[in-house]
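Inspection log for the structure reproduced underneath, given as structure tokens.
Here, each number is a calculation from the coordinates, and none is a lab measurement. Everything numeric in this text was worked out from a predicted model, so none of it was measured. No Cβ is skipped: glycine too gets one built from the backbone with ideal geometry, and neighbour counts run over all protein chains shown.
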Amino acid sequence: MAHANRTALVTGGARGLGTEICRQLADRGLRVLVAARKREAAEEVCRGIGPAAVPLALDVVSASSVTEAVREALGSFGTIDVLVNNAGVSIDASRTVLDLDEDTLRTTLDINLVGAWRLAEAVVPDMVRTGYGRVVNVTSSLGSLALMDSGRHPAYRVSKTALNALTRMLAAELSGTGVLVNAADPGWTRSGMGGPSAPRGPAEGADTPVWLATLPEGDETTGGLFAGRKPLQW
Ligand SMILES: NC(=O)c1ccc[n+]([C@@H]2O[C@H](COP(=O)([O-])OP(=O)(O)OC[C@H]3O[C@@H](n4cnc5c(N)ncnc54)[C@H](OP(=O)(O)O)[C@@H]3O)[C@@H](O)[C@H]2O)c1
């Protein structure tokens, strides 16, 4: 299989889209580190996926947790070839720009933006060393500046806009290294965050992130933002 011997790390892997991304990556032959704040939750997901899935305790807001998890993963498996920054929160759905407390703003940015940045800093240098890597930042169309037409979800939107900017800057910084960096919007998907009324199931929502995470050797797609495998407006 094309992806045999590749290892992927998926943050927020113990539920929602993260679990489905883990499952689809395992189906494509990758070893998958199911990263979650609670190791027991990750262990349960791994039992459901099978031997390709390995639990990893990781809280994206803790620098020491990220360092320790990446050290554990590299120590056990040698490389992390794919990083899916999927962990995220949306805790300001009914708020507006002028009605947002600073704690909510900071918490959202810390998880959705700084968490992804921490993981990139911890994982990408080793990808550069090996000359192969795929980084996928799970974003949202709510972060597209071109679609910024409402004040609702202000912290969430700004966090995803900034995650998109991080995607482009990191991709440019890594040009020519073999490490491809892209952002994927899963679309409105049934999950803890998406709720039960969303039109998409997790399998459809996970498709674009998994496609970008498994871009074949020699592919040069990087610095892009995609939904339904098609470019989305920044
Ligand atoms: N569902 C949608 O409609 C939709 C649309 C566009 C974009 N997205 C994006 O898709 C991604 C996944 O969302 P989802 O729908 O699957 O949401 P979800 O069901 O609410 O799951 C969120 C995940 O993020 C994890 N997480 C939160 N804080 C964390 C932290 N500090 N450290 C590590 N993990 C943390 C959660 O882990 P715990 O289990 O430990 O809480 C959980 O696994 C998010 O980035 C979201 O913004 C979702």
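SER90 meets the stated requirement of being within 13 Å of the ligand (Cβ to nearest atom) and either among the β-branched types (Val, Ile, Thr) or surrounded by fewer than 21 Cβ atoms within 10 Å (Cβ to Cβ) (or both).
Among the residues of the range 177-187, are any near the ligand (Cβ under 9 Å from one of its atoms), surrounded by fewer than 19 Cβ atoms within 10 Å (Cβ to Cβ), within 16 Å of the chain's Cα centre (by Cα) and more than 23 Å from GLY131 (Cβ to Cβ)? Yes, the range 177-187 contains at least one residue that is near the ligand (Cβ under 9 Å from one of its atoms), surrounded by fewer than 19 Cβ atoms within 10 Å (Cβ to Cβ), within 16 Å of the chain's Cα centre (by Cα) and more than 23 Å from GLY131 (Cβ to Cβ).
Scanning the range 53-83 for residues that are within 20 Å of PRO209 (Cβ to Cβ) and among the charged types (D, E, K, R) returns a single hit, ASP81.
Of all the criteria given as (1) part of a loop (DSSP other than H, G, I, E, B); (2) crowded, with 17+ Cβ neighbours inside 10 Å, the one not satisfied by LEU212 is (1).
The rows are residues; the columns are (1) assigned to a helix (DSSP H, G or I); (2) touching a residue at least 40 places away in the same chain (Cβ under 8 Å); (3) under 12 Å from the mean Cα position of the chain (by Cα); (4) surrounded by 24 or more Cβ atoms within 10 Å (Cβ to Cβ).
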residue: LEU83; (1), (2), (3), (4): no, yes, yes, yes
residue: ASN112; (1), (2), (3), (4): yes, yes, yes, yes
residue: VAL124; (1), (2), (3), (4): yes, yes, no, no
residue: VAL128; (1), (2), (3), (4): yes, yes, no, no
residue: ALA146; (1), (2), (3), (4): yes, yes, no, no
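For the range 28-50, residues that are more than 15 Å from the ligand (Cβ to nearest atom) and either within 18 Å of the chain's Cα centre (by Cα) or not in a helix (DSSP H, G or I) (or both) total 5. Restricting attention to the range 18-38, the residues being crowded, with 24+ Cβ neighbours inside 10 Å, under 12 Å from GLY50 (Cα atoms) and among the acidic types (Asp, Glu) number 0.
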